[in-house]
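Asker: The structure follows.
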Amino acid sequence: MATQIRIGVFVVVAGIVLVVALAVRRTEGAKDEFRFDAAKLKDRNTWTQVNNDPYQMPAAVAALCAPVVLLEPESKKNPHAASYITVYVNKAGRESMFAKQPQRFPEGSIIVKEKFNSPEDRKPLLYTIMRKRAAGYNPKVGDWEFSVVGPNGTELRASGKLENCQGCHLTKSESDFVFRPYVTSQ
Ligand code: HEC
């Protein structure tokens, strides 16, 4: 009888340990997961708007920078229409964004590119985002993580080492894989 109780207690304790371990692992995973809320871009303590006037992407880039048509059904109507962008950078990335000479962005930097169909539009087509992860995350492209968020500002459509984004950004290795044509002070 005593042995049965001991086994019972052991099973219960082992179960609790397992559940706690799984819960901890899950929160650790969630910590790294990219979360975004476009409504927060208005918070000037966290975000800096990089370009004041909407920057017009060259049409060729606009068509290609919408590499994953599936991710961007809203702009499928006219893929060759010019696109306008507003770029935001968070505190961690601000200095590198406005630096005269290109410099490596520190870990934690986030750059958000908000895309519009026309300069008057208030409703964005989507957000493309680069987040600088820890060294070793994605060494081939400066440890950047690429994400696409839908027009509602929170729906994460894709995130990670997205090949279709890296293809272009790889060509800008001399400036930490960031293009920055919209920065007027550089
Ligand atoms: C066809 C090449 C191309 C592809 C593919 C591409 N980009 Fe870009 N990206 C650019 C160019 C060029 C700029 C500079 C601003 C502009 O003209 O839009 C840019 C700018 C950006 C910026 C602002 C930081 C910077 O580099 O100035 C972010 C963030 C970004 N892209 C994310 C993405 C994500 C996420 C994807 C994949 C869904 C992606 N890009 C795919 C060419 C590309």
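Here, each number is a calculation from the coordinates, and none is a lab measurement. Note that this is a predicted model, so its numbers are computed, not measured. Every residue, glycine as well, gets a Cβ built from its backbone with ideal geometry; the counts of neighbours run over all protein chains shown.
Asker: Would you mind checking the radius of gyration and Dmax of the range 128-174 based on alpha-carbon positions, in Å?
Answerer: 11.1, 34
Asker: Let me ask something else about it. Where Lys and Arg each count +1 and Asp and Glu each count -1, what net charge lies around residue 127 among other residues with Cβ under 9 Å from its Cβ?
Answerer: +1
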